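Beneath this line is the structure, given in structure tokens, with notes to follow.
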Amino acid sequence: MVRCFLIHTVCPVAALGPGESRVLYSRVFGPDEGLGSDRNRELSPEERRVLQKEKIMVVARQVRGAASLSREASGRPPVEAVPGEEALALQEADGGAERLRAGDPFPEETSALWLAVQSLGFTLVCEPHENLLLAEGTLRNLTRHCLETLHMLGPGSEVLLRSHRVDALLSRLLPHGQLLFLNHRFAHSLEKEAAAYAAK
Amino acid sequence: MYSHGSESLINQAREIQEPELQRFHSRLVKLLQGKELGHEAVDSLQRLHIILSATKYTRTLPPELQGSLQSLLASPAEQFQVLSSAVLRETLPLSGQEGNYTQENFIQLNNHAAALVLSQAGSRADLSSLCAQLLRSLESRQSDGPAASLTHTLPILNTVLTHSPDCLTEDHVTLMSKKLVDWLRYASITQGGGAPSGGFFTGTRSRQPVPIAELDGTVSGDFFTVLCVGQSFTEDQWMNVYSFSMLRHWLITYRSVSNGNTTADTANRLQLSLSLSLSHSFSNDDRSEVDGSVVSMVSATSSSSRLLPPKERLREKAFQYCQRLIEQSDRKAHKKTDTDLQKACLVEAVCILDSVCGEDAALVFRAFPCIKALFGRLSSDLSFARVLLPIAQFYLNHGEMAAVDCESVWNLVFGRFPAELFDHQFLAHEFLRFIRLNLESLQLRVPQYSRSFPNLLKFLAWNSPAVVDDFVDLLPSLVTAGTAVELLHTLLDLPCLSATLVLQVRSTCLPISEPGGRGLLSLDAFRSQSFRGLFLFLLRGEAGSGDTIDRLSTLHEMLTETADWPRVVQCAQTVPVLLHIFFNTVIAIADQKLLAHLVQVMLERSSLLLNIPKYNKEIHRVFSRHLLLLCKLHPSLVVDQSHELLEFAGTTANVYSKEEIYTHVVWVLGEYLSGSCDSRCSVMLITSCFETLEAVLFEITSSAPPPGADCPVPRVVTSLMSALAKLASRSHDLIPRVSLFLSKLRTVTRGGPVAWCSDEEDLVAIVTRGEELWSLLKAPGVAQSVLTPPQPVTTPQWHGDTNVAMPLQLRALTNLTHSQ
């Protein structure tokens, strides 16, 4: 099960502090993870929502830190890809996996897989026993689709204005957070549906 | 990418004023009441979503808007389903409406509405009821029912399982096991119907069922799996994909470890496993009769499985599915995405096999030949490293039972992986996770584990920030009495290892000589024959060939220019933490001899470190702290190592370059060099120590510091004075010498500023301390007990001491006075 999928900044943002990250898109799958716990029952739904948002921000911050350290260490100059060069941007993307300890921020230990394309990061938070090889492939696929569908390599702010396209994409490629073993024919079929949705 | 536009949108959304928001809401309600909903409605809904999600605090929607949105969930246009679900997820359900959908109509909801209901589920009871509805619909499903609703049943079920596995009753589990068997094993092997492809020449021909194909194009000869392709797919083939995607989780959640409860059971199982390898007849289950003509190695052995109860039958079918996947992964796929999928399928298949073998030990003997063959096929190709990790896990879990030799597996995993794949981020993450989860098992069954730290640390040296957390957990397991000293040296030289790995990677990428460019000194050194040995030592794979190298200073010199490389700097920042963990662990397992050796190493290495800014200072601080702790635990160490400690303390240069360690060395000498700590401590030893320290103190307080050095830190001066006083109090002949020095000091400093102390206040503090010591030493007996108090005095237990505790005293007094 994937817990959540985020799109957030990995570059410095003027309005925020140095290590902070602006979350542009977040999708949490399934019910609140503290469903059975006693502590959770004491919180009002409003408080639960705030808690969830804060957990997302913690993940975004961690990945932001990891991405900037990774880029600093590799010392490669940033690649400026333009619209149309999505495949190149993806190839040059930094990627990694962060271990999120139990309690920080989710109750159980999770792994945050991330890809950083220019100024944005795409993060998938997976449960520990998940097939991370499949998750990595799914993340790359999702990132490629987001870059293409939302014209992210251009200057616009379509992530915010067209977030429903990401929702539709996720409902097919990652339904309710389920990673799928899709060969190219199955994937093609789902992607055709997603493209048809985006065209409307 | 991210621009001012996005930032201003978010700000606008956050700062929207209440009246404007109300107007927007009412406009939207009117819009949604219209007959035809078009682009304007989509845009407005999207903007509403931005407003709601831009802040972490919840905004509530007016009831009528919320009502419109809820009815929009059932809209025929998917865009409105998506948008209304997204918007409603960002707000709270109207009070009294929680659990609105859990009663009757969950199964009729589309995917997006279902996601909303799931996210709003407030309790396990909600999930149970959703679950029950789902399974009821599966059970009573007509074959010509609506196709769309079935595919997402499994992901929803999987979500419920994750949060609350007890939602499913025993009957549910049985039902699902049967369904999963059907979908996994008996999905159609012909391509999906779909419309005829049209065209002039196609007629009845096109309606003949076309068989599915393998990834390399050949016609498939066995049951359908995720690695089979076709032009289009039937519903049960889709269910095959969804079933396999959740299979591992299902098996793990509902595992029942069978340990042969009754003899009848065991006999039955044995008979089954024997017959499975011999018979050829087919299971006469409903679906499989249709496929009667298809034969292959895997399905030929499925004969007697219909005798098994549903859960065990699912296990058996899962086993067969995985074996088929392993077989299929050997084919050469045409597309890269398919090749990647084959690897992911291999990982999943091996993990499932591992899990079912854990449940039913009899399966180990069937599984092992397959796994062993797979290992043989993949072990020489490092691009399959991530597949080899689950295989290693399988060997670790079941190798002993099957009495299989695992040496080649561990040589690969602990030898080649870290040495050649240290820069693969995802592999590093999974590799270290594997070690963490199996720590006890590895320490028990893999003798070379604790010796492989030079290799394992390569992951840390390359990408410290990402993996230091894992090493914080793993390091204690790598500390053994036999290799502790080598490990200490290796940790101190981690930045050098980091630099070496960078050089290694660069030397394979860059040409031998850059035309006209400034060649890197370090790169030249790395490539030259004469220094090869030094670098090879750092790059060694196993411990045991020596603690460290003689020409360490040469190595450091050559790597000087690497001290500002980001990777090296990041690595250097993690070393102090690891050293703390190292020392804390080693104290528990080390004997006196080892501790003495470690003290020597600390003193030696304090000047032998790669010159990275702040690195030296940090390491010195760690050393000081642990020197103190070691000596406190084992005071006799000081007498033991007195020669080395005195050598260090007698070198005046150390006062200026290593004042942190110097202060602590002087302190431990003063504190623990006494007869009460170790009977070997003679008057001669005390005297020679005294003389050494006295000489240094004279030197630093009689002249200006050497050119290039700052004045000695006041703490060094006072420590020296205190140490001398302590030593003198134990050997009273020395008292006059100390007193003389201290009074001279007072006289000198009265005459104005001195060359060796720049700060007025510091000087005053030093002089005050001198005076205190001088007056203390006038009464030698008192001096001794003040400066070196006996043990019971330094660890007072006034509250714990039954004789002196206040409450007891009071109680005694009360008893005495009231009993009369």
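Pulled fully out, how much extra length does the chain show between B:Asp423 and B:Glu644, if you take 0.36 nm times their separation in residues and subtract their Cα-Cα distance?
75.5 nm
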**Report entry** Burial ranking of peptide ranges A:142-148, B:746-752 (average Cβ count within 10 Å, highest at the top)
**Finding:** A:142-148, B:746-752
Query raised in the report: What is the average number of partner chain Cβ atoms found within 10 Å of a Cβ in B:468-475?
Result: 1
Report task. Between B:Glu604 and B:Lys632, take the C-beta separation as r, use R0 = 30 Å, and let me know the FRET efficiency to the nearest 0.05. Result -> 0.90
Report task. Return the whole-Å distance between the Cα centroid of region B:38-90 and the Cα centroid of region B:710-776. Result -> 78 Å
Query raised in the report: Tell me, what are the semi-axes, in whole angstrom and largest first, of the equivalent ellipsoid of region A:82-122 as set by the roots of 5 times the Cα gyration tensor eigenvalues?
Result: 29, 8, 6
Report summary line: Rg from C-alpha atoms of region B:25-87, normalised by the globular rule of thumb 2.2 N^0.38 Å, equals 1.03
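Would you mind calculating the relative contact order of region B:332-394 from Cα pairs under 8 angstrom and at least 6 residues apart, reporting the percent as a whole number?
In percent, rounded to a whole number, it is 41.
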Query raised in the report: When N counts the residues of region B:430-496, how does its alpha-carbon radius of gyration compare numerically with 2.2 N^0.38 Å, as a ratio?
Result: 1.06
Report task. May I ask you to give the average projected area over all directions of the convex hull of the Cα atoms of region A:52-200, in nm² rounded to one decimal? Result -> 9.4 nm²
Report summary line: Counting only DSSP loop positions in region A:1-94, the trypsin sites (Lys or Arg not before Pro) whose Cβ has at most 15 other Cβ atoms within 10 Å are none
Report summary line: To the nearest 10 degrees, the tilt of helix B:806-818 (Cα long axis) against the first principal axis of the alpha carbons of chain B is 80 degrees
Query raised in the report: Roughly how big is region B:327-485's charge dipole about its Cα centre, with Cβ charges of +1 (Lys, Arg) and -1 (Asp, Glu), in debye to the nearest 20?
Result: 400 debye
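How big is Rg to Rh over chain B, alpha-carbon atoms, Rh as the Kirkwood inverse-mean-distance radius?
Rounded to two decimals, Rg/Rh equals 1.11.
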Query raised in the report: For region B:424-451, list residues with backbone N below 16 Å from a point placed 7 Å from the Cα of A:Arg101 toward its Cβ?
Result: B:433, B:436-437
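Report the full-extension gain for the segment B:Glu170 to B:Glu542: residue separation times 0.36 nm, less the Cα-Cα distance, to one decimal in nm.
Values: separation 372, 0.36 × 372 = 133.92 nm, distance 5.14 nm.
Residue separation times 0.36 nm, minus the Cα-Cα distance, leaves 128.8 nm.
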Query - Other protein chain Cβ atoms within 10 Å, averaged over every residue that makes up A:67-73 - result: 5
Query raised in the report: In nm, to one decimal, how far is the A:Glu47 label point from the B:Leu382 one, both placed 7 Å along Cα→Cβ?
Result: 5.3 nm
Query raised in the report: Going through region B:7-99, which trypsin sites (Lys or Arg not before Pro) have at most 12 other Cβ atoms within 10 Å and a DSSP loop state?
Result: B:Lys35
Query - Distance in nm between pseudo-label sites at B:Arg136 and B:Leu594 (7 Å out along the Cβ direction from Cα) - result: 6.5 nm
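Using the 10 angstrom Cβ neighbour count as an exposure proxy, how do A:Glu158, B:Glu557, B:Glu761 rank, fewest first?
B:Glu761, B:Glu557, A:Glu158
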Report summary line: Rounded to whole angstrom, the alpha-carbon centroid of region B:318-362 lies from that of region B:214-238 at a distance of 15 Å
Query raised in the report: Can you give the FRET efficiency for B:Thr60 and A:His151, using 1/(1 + (r/R0)^6), R0 = 22 Å, r = Cβ-Cβ distance, to the nearest 0.05?
Result: 0.05
Report summary line: Ranking B:Leu134, B:Ala367, B:Ala543 by how far each Cα lies towards the positive end of the charge dipole of the protein assembly as shown (+1 on Lys and Arg Cβ, -1 on Asp and Glu Cβ), the top one is B:Leu134
Query raised in the report: Over region B:599-664, what is the mean sequence separation of C-alpha contacts under 8 Å (at least six apart), divided by residue count, expressed as relative contact order in percent?
Result: 40 percent
**Report entry** Check: chain B dipole with +1 on Lys, Arg Cβ and -1 on Asp, Glu Cβ, in debye
**Finding:** 240 debye
Query raised in the report: Classify region A:18-92: rounded, prolate or oblate, from the alpha-carbon gyration tensor (a ≥ b ≥ c, eigenvalue square roots; a/c under 1.5 rounded; otherwise prolate if a/b is larger than b/c)?
Result: prolate
Query raised in the report: Which three lengths, in whole Å and largest first, does region B:350-399 cover when its Cα atoms are put on their principal axes?
Result: 32, 16, 15
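So, R0 is 60 Å and r is the distance between the beta-carbons of B:Ala812 and B:Glu407; what FRET efficiency does that work out to, to 0.05?
It comes to 0.25.
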Requested in this report: Determine the principal axes of the Cα atoms in region B:445-595, then give the extent along each, sorted from largest to smallest and rounded to whole angstroms.
Outcome: 56, 31, 29
Report task. Select from A:Pro83, A:Gly103, A:Tyr25 the residue farthest towards the positive end of the dipole of chain A; place +1 on Cβ of Lys and Arg, -1 on Cβ of Asp and Glu, and compute about the Cα centre. Result -> A:Pro83
Query - Dipole of chain B, positive end: most advanced residue of B:Thr574, B:Leu180, B:Ala86 [Cβ charges, Cα centre] - result: B:Leu180
Report summary line: Scattering profile of region B:515-646 from the Debye formula, Cα beads only, expressed as log10 I(q)/I(0) at q = 0.09, 0.10, 0.13, 0.21 Å⁻¹, is -0.34, -0.42, -0.68, -1.37
Query - region B:561-614-region A:71-106 distance, computed between alpha-carbon centres (Å) - result: 32 Å
Report task. Per residue of B:379-389, count partner chain C-beta atoms within 10 Å of its C-beta, then hand back the mean as an integer. Result -> 1
Requested in this report: With a cut-off of at most 11 other beta carbons within 10 Å, and DSSP calling the residue loop, which chymotrypsin sites (Phe, Trp or Tyr not before Pro) in region A:1-100 qualify? Please list them.
Outcome: none
Report task. Kindly identify the protein assembly as shown as rounded, prolate or oblate by the Cα gyration tensor criterion: order the square roots of the eigenvalues as a ≥ b ≥ c, call it rounded if a/c is under 1.5, otherwise compare a/b with b/c, prolate if a/b is larger, else oblate. Result -> prolate
Report summary line: Note to self, the protein assembly as shown gives a 222 nm [θ] from helices alone (DSSP H runs n ≥ 4, -39500 (n - 2.57) apiece, / all residues, nearest 500) of -18500 deg cm²/dmol
Query raised in the report: So what are the ³J(HN,Hα) numbers for region B:488-503, from phi and the Karplus equation (6.51, -1.76, 1.60; θ = phi - 60°), rounded to whole Hz, Gly and Pro as x?
Result: 4, 4, 5, 5, 5, 9, 4, x, 5, 4, 4, 4, 5, 5, 4, 4
Query raised in the report: How long is the gain from B:Glu15 to B:Arg506 if the chain were fully straight, where each residue apart is worth 0.36 nm and the alpha carbon distance is subtracted?
Result: 171.6 nm
Query - Likely footprinting exposure, B:Ile391, B:Ile252, fewest C-beta neighbours within 10 Å first - result: B:Ile252, B:Ile391
Report summary line: With +1 at each Lys and Arg Cβ and -1 at each Asp and Glu Cβ, the charge dipole magnitude of the protein assembly as shown around its Cα centre, to the nearest 20 debye, comes out at 520 debye
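Quick note: the coordinates plus some simple rules give every number you see, no bench work behind them. Everything quoted here is computed from the prediction, not taken from an experiment. Note that we place each Cβ from the backbone using ideal geometry, even for glycine, and neighbour counts take in every protein chain shown.
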